[in-house]
Amino acid sequence: MKTLVLMPTYNEAETLEKTAKELFNFNPTVDLMIIDDNSPDGTGAIADRLASSDKRVSVMHRHKREGLGAAYRAGFQRGLTSPYSHFVEMDADGSHRPVDLKLMLESVAQNDLVVGSRWIDGGEVSNWSKLRKAISKTGNRYARFLLKSQVADMTSGFRVYSRGLLEKLPINEMQAHGYAFQVEMTMRAEAHGAAIREVPIRFVERDGGKSKMSFWIVVEAFWLCTKWGLRKP
């Protein structure tokens with residue numbers, strides 16, 4: 001099994017190097033592609049330095065910030081030109097623990113998509129307020145209801161995709177720019193009959209840098225989920 005971790009970045013100079021080091025400590029055989037959206041804080045230069053000192057690391061420099069969905073679409077397209085069997089989505093801010101990825105990779109043999117889930121038994125979120133937990137849970141329930149999904153954590157950004165599944169999905173046709181991209185990928189995977197498994201993870205709120213969550217990202221997710229849900233039979 002040859003695995004590529006895709007890690008989009010925008011102003012992650014405080015966290016990127018530490019996250020990459022911990023990733024390889026727990027998962028030394030994976031490769032890492034850093035997808036930087038022209039960060040003004042020097043993240044791109046840090047990524048280049050990591051790549052120059054470790055052959056497992058590569059960097060994609062994008063000219064402007066276009067959102068999480070666009071970064072992953074570009075990363076998947078480039079990654080699929082190489083003989084990787086699995087592709088991981090992972091945050092650069094330390095929220096996704098590399099030790100959990102190790103457990104997720106153990107579940108890929110019989111599944112097309114493994115989702116690191118905060119909202120199943122054994123899942124956990126650290127350093128979130130009760131309000132933020134409630135918003136996340138409510139948003140997931142709303143998406144699940146409208147889209148008739150069996151996945152408890154549709155918005156999780158910690159995932160492992162098989163090459164076979166990604167080659168079936170119309171990645172270039174994806175509409176979402178922000179975190180709704182995760183919901184859209186889940187919806188499309190289920191529509192293709194993908195075998196999906198959720199693995200409990202501990203999500204740890206970032207301790208450095210600035211969150212990319214915004215009001216408009218939430219609005220986009222609500223609007224797209226509603227539109228997709230109303231179109232389902």
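A short reminder: the numbers here are calculations on the coordinates, not readings from a lab. Only a predicted model underlies this, so the values are computations on that prediction, with no experimental measurement involved. A quick note on method: Cβ atoms are made from the backbone with ideal geometry, for glycine too, and the neighbour counts reach across all protein chains shown.
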Open item on the list: Run the numbers for Phe222 and Arg141: contour at 0.36 nm per residue of separation, minus the present Cα-Cα distance, in nm.
Closed with: 28.0 nm
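How large is the convex hull of the Cα atoms of region 1-96 per residue, expressed in Å³ as a whole number?
89
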Task: Which of His63, Ser39, Gln110, positive extreme of dipole for region 1-135 (C-beta unit charges) - done: His63
Task: Among Leu103, Leu166, Leu68, residue whose mean-square fluctuation peaks in a GNM of the chain (springs only between Cα atoms under 10 Å) - done: Leu103
TODO: Using the charge dipole of region 3-231 (Lys, Arg: +1 at Cβ; Asp, Glu: -1 at Cβ; taken about the Cα centre), state which of Leu166, Met185, Phe203 has its Cα farthest towards the positive end.
DONE: Met185
TODO: Considering Cα pairs under 8 angstrom that are at least six residues apart, work out the relative contact order of the chain and quote it in whole percent.
DONE: 25
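Sort region 1-46 into rounded, prolate or oblate with this rule: let a ≥ b ≥ c be the square roots of the eigenvalues of the Cα gyration tensor; rounded if a/c is under 1.5, and if a/c is not under 1.5, prolate when a/b is larger than b/c, oblate otherwise.
Oblate, since a/c reaches 1.5 and b/c is not below a/b.
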- [ ] Anything over 24 Å Cα to Cα? Flag those among Lys21/Lys102; Lys137/Lys232; Lys64/Lys227; Lys130/Lys227, in the order listed.
- [x] Lys64/Lys227; Lys130/Lys227
TODO: Pop out the ³J(HN,Hα) list for region 176-188 in order, Karplus 6.51 cos²θ - 1.76 cosθ + 1.60 with θ = phi - 60°, rounded to Hz; leave Gly and Pro as x.
DONE: 6, 9, x, 5, 4, 4, 5, 5, 5, 5, 5, 4, 5
- [ ] Just tell me which lysines come within less than 23 Å, Cα to Cα, of Lys133; anything on the same chain fewer than 8 places away is out.
- [x] Lys148, Lys210, Lys212
Task: Value of Rg/Rh across the chain [Cα atoms, Kirkwood radius] - done: 0.93
Open item on the list: How big is the dipole moment of the chain about its Cα centre under a simple scheme where the beta carbon of each Lys and Arg is +1, that of each Asp and Glu is -1, and everything else is neutral? Debye, nearest 20, please.
Closed with: 600
Open item on the list: Charges at C-beta only: +1 for Lys and Arg, -1 for Asp and Glu. How large is the resulting dipole of region 9-107 about its Cα centre, in Debye rounded to 20?
Closed with: 300
